[in-house]
Amino acid sequence: MCGIIGYAGFRNARTVSLDCLKRLEYRGYDSAGIGIFNKEIQVFKEVGYISNLEEHVPYIEGSIALAQTRWATHGKVTKNNAHPHLSDNKKITIVHNGIIENFKELKKQLITKGYHFISETDSEVFAHLIQDCYKGDIEQAVYDAVQHVKGYYALVVLCADEPDVLIGARKDSPLVIGMGDNENFLSSDIPAFLKYTNRVIYLNDGEICKITSKNIELFGIDNQPLQREQELISWDVSSAEKTGFPHFMLKEIYEQTDTVHQVIRGRISEIQREVMFPESIESVLRNGSNDIHIVACGTSYYAGLAGKYLIEQLTGKPVFVHLASEYRYYGRYNRKSLIIGVTQSGETLDTIAALKKANHHGCRTLVVTNVIGSSATRIADAYILTQSGPEIGVAATKTFTAQVLVLLLIALKLGVFTKTIGADSLYQLIQSLKKLPRVVQHVLDQSNYIKKVAEQLVHAHSVFFIGRGINFPLSLEGALKLKEISYIHAEGFAAGELKHGPFALLTKDTPVVALVGSDETYEKMISNIGEVKARGPKVIAIAEENDEAITQFVDVVIPYPSNKGGLSCIPIIVILQLLAYHVADLKGCSIDKPRNLAKSVTVE
């Protein structure tokens, strides 16, 4: 979850490192620090925002540095617990993302040897352990040190005795090399250095790298040299910047017309009436699995729930959706099951652990992710990229839309393989997909109206979201969006379940957002809204624009364009995203960096 940067080059390392660190703010953090070499290692750390750190770091000549934004896991939020950490002799400094599971045992051993600890963190163990292993070769010392560590890490190391070298090491936590011209980078995420280079090399688990301004060396789990080709990132730097929008989240909501284009581009053919994937993906989908298990966390989990409705409706194949943090420990793995991991970053620890376990049990695995070269893409039998570009806002928006659309394409392909979708139905759905960008734009054009509706939620202490069918997982996602960026308590419910308990919480001061679809549940949904209204709260309906009757039953309507075949879920979710955004903005909340949250959860 922490943001890491390492820089070795020809520019001023202080300036570049802080610039890169700012581009990792979306990962979530509570403190920040930097270590720079100029005759000796100088470390500066502050609690709070990077801007606070920047004010306290003097201009220092130096072309090599490491820096980190910390999100507390071991130890309170203090300057001592912030990264980087120094070794006892002050000659080695480290930044670390992850958890050392045996740190207490290692700490006790190091204290016995005379090492002194000044923080409460597990990470400080790395600094002292590497010093203890150092015999004149910092790469060898890091290799020897990690042999003693149980847990996971993305680690960057700077040594005063070899001041032109940075060492990187990873296990179950992301670390990527950025290759520049006479400068090289190490980072937990690509957007950090995208301004400087789009050439990358991904480190795999157990590997170590040694970088200088001019050279990059890779070493495998046996510490033997490796060769690996660089990859080019297609994102441009403007994709990772606000480009005039007040917040990344709003920018990314507005990018969803392009997101839809990118997801379906090259994957559907109106002329051939076909959904197309590369053979590696079609082979996994064609293997005759008895059932499908989708594993994911957070917003990706809700996308998986939406995918369940789409896949089961279009194929009849049973789909089970699991929280990855539970499934990795309690899941049942059958060789005849297809396991689909959904993860925006491709680095979500629990999802990756579940995929590894599925592979161990001989299951076929498929990943839906946004990041090529991520850990998930290297673990699974095949992967499908959402192709939605970098998402900086912590609250996922365009990636949710992209994930749902990819799961729909999977459903369509499976329907063709199982012959549960006829040619005419497939053609109609393909036509609906091609109309989606215009449908999304129609919703975006209503942003000012949605802002006026949002004013009715600003002072609420709690908000209910209700829906049926695929609108149930959308209600869960809508509630999540509202609470994570506005800090208003919100819950999503299947509308038919209100009478089984949640009504106890409903008062006249609890606004209800009702997601209304024109399907077989319409009349039941109207009945549920009546039950809600009888208890006095305001009801905001999100309903089809040609539904003239809905105004009789609710206080406010936000309309969306009709789009048949279950695709109404896309305009509905865009409305929910805008609603949450405007509520948070009206409240003056920190929208892109909500408290206590991180973009990519890479620790347990």
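Taking the Cα atoms of the stretch 326-397, the ratio Rg/Rh between the radius of gyration and the Kirkwood radius comes to 0.99. Does the stretch 278-369 come out rounded, prolate or oblate by the C-alpha gyration tensor, with a ≥ b ≥ c the root eigenvalues, rounded set by a/c under 1.5 and, if not, prolate when a/b is larger than b/c and oblate if not? Rounded, since a/c falls under 1.5. Net charge in the neighbourhood of Lys107 (other residues with Cβ under 14 Å of its Cβ; Lys, Arg +1, Asp, Glu -1) is -3.
Across the alpha-carbon set of the stretch 192-340, the Rg to Rh ratio works out to 1.04, Rh being the Kirkwood radius. Taken over the C-alpha atoms, the stretch 390-531 has Rg and Dmax values of 17.6, 51 angstrom. Across the options Ser325, Gly266, Gln344, the greatest Cα extent toward the positive end of the charge dipole of the stretch 215-349 (unit charges at beta carbon of Lys, Arg, Asp, Glu) belongs to Ser325. Count the net charge of all other residues whose Cβ sits under 13 Å from the Cβ of Val557, scoring Lys and Arg as +1 and Asp and Glu as -1. So the environment of Val557 carries a net charge of -3. Within a straight-line Cα-Cα reach of under 14 Å, Lys195 can be paired with the following aspartates and glutamates, leaving aside sequence neighbours fewer than 8 residues apart in one chain: Asp19, Asp181, Glu183, Asp236, Glu241. Taken over the Cα atoms of the stretch 140-260, the convex hull encloses 143 Å³ per residue.
On a per residue basis, the convex hull of the C-alpha atoms belonging to the stretch 48-133 measures out at 106 Å³.
Sorted largest first, the principal axis extents computed over the alpha-carbon atoms of the chain equal 77, 52, 42 Å. What whole-number value in Å² describes the accessible area per residue of the chain for a 1.4 Å probe? For the chain, the solvent-accessible area averages 38 Å² per residue. Backbone phi angles across the stretch 579-587, fed through the Karplus curve with coefficients 6.51, -1.76 and 1.60 (θ = phi - 60°), yield HN-Hα couplings of 4, 4, 4, 5, 4, 5, 5, 5, 7 Hz in residue order; Gly and Pro are listed as x. A P(r) calculated from all alpha carbon pairs of the stretch 415-455, with 10 Å bins opening at zero, reads 25, 29, 22, 17, 8 percent. Its alpha carbons considered, the stretch 343-461 gives a radius of gyration followed by a Dmax of 18.4, 53 Å.
Two decimals is fine: what's Rg over Rh for the stretch 491-530, C-alpha atoms, Kirkwood radius as Rh? We get a ratio of 0.96 for the stretch 491-530. What a 1.4 Å probe finds exposed on the chain is 49% carbon and sulfur by accessible area, rounded to a whole percent. Cross-linked pairs Lys76/Lys356; Lys308/Lys524; Lys22/Lys587; Lys308/Lys336; Lys214/Lys251; Lys317/Lys434: Cα-Cα separations exceed 28 Å for Lys76/Lys356; Lys214/Lys251. Principal axis analysis of the Cα atoms in the stretch 112-206 yields extents of 46, 27, 24 Å, listed in decreasing size. Local charge for Ser119 was computed over the other residues whose Cβ lies under 15 Å away, with Lys and Arg +1 and Asp and Glu -1, and equals +1. Computing FRET efficiency as 1/(1 + (r/R0)^6) for Glu217 and Asn52, where r is the C-beta to C-beta distance and R0 is 35 Å, gives about 0.45. For q = 0.19, 0.28 Å⁻¹, what log10 I(q)/I(0) does the stretch 22-61 give under the Debye formula with an equal point scatterer on each alpha carbon and no solvent? For the stretch 22-61 at q = 0.19, 0.28 Å⁻¹, log10 I(q)/I(0) is -0.57, -0.97. Remark: the stretch 73-170 carries a charge dipole of roughly 380 debye about the Cα centre, counting +1 on each Lys and Arg Cβ and -1 on each Asp and Glu Cβ. The magnitude of the dipole of the stretch 121-255, with charges of +1 and -1 set on the Cβ of Lys/Arg and Asp/Glu and taken from the Cα centre, is near 240 debye.
Each of Phe37, His442, His489 was scored by the projection of its Cα onto the charge dipole of the chain, and the greatest displacement toward the positive side belongs to His489; charges sit on the C-beta of Lys, Arg, Asp and Glu. Under a model in which nothing but the beta-carbon of Lys, Arg (+1) and Asp, Glu (-1) is charged, the chain shows a dipole of about 780 debye around its Cα centre. The residue among Gly48, Ala354, Thr399 whose Cα reaches farthest toward the positive pole of the charge dipole of the chain, with charges on the beta-carbon of Lys, Arg, Asp and Glu, is Ala354.
Quick check on the stretch 469-561: what does the Kirkwood estimate of hydrodynamic radius come out to from the alpha carbon pairs, in Å? The answer is 13.5 Å.
The values are calculated or read from the model by the stated rules, or taken from the named source; none is laboratory data. Bear in mind that the values here come from a model prediction, so they are computed numbers and not experimental data. Positions of Cβ are backbone-derived with ideal geometry, glycine not excepted, and every protein chain shown enters the neighbour counts. All accessible areas refer to the heavy atoms of the entire protein, side chains included, with ligands and DNA or RNA removed. Shrake-Rupley method; radii C 1.70, N 1.55, O 1.52, S 1.80 Å.
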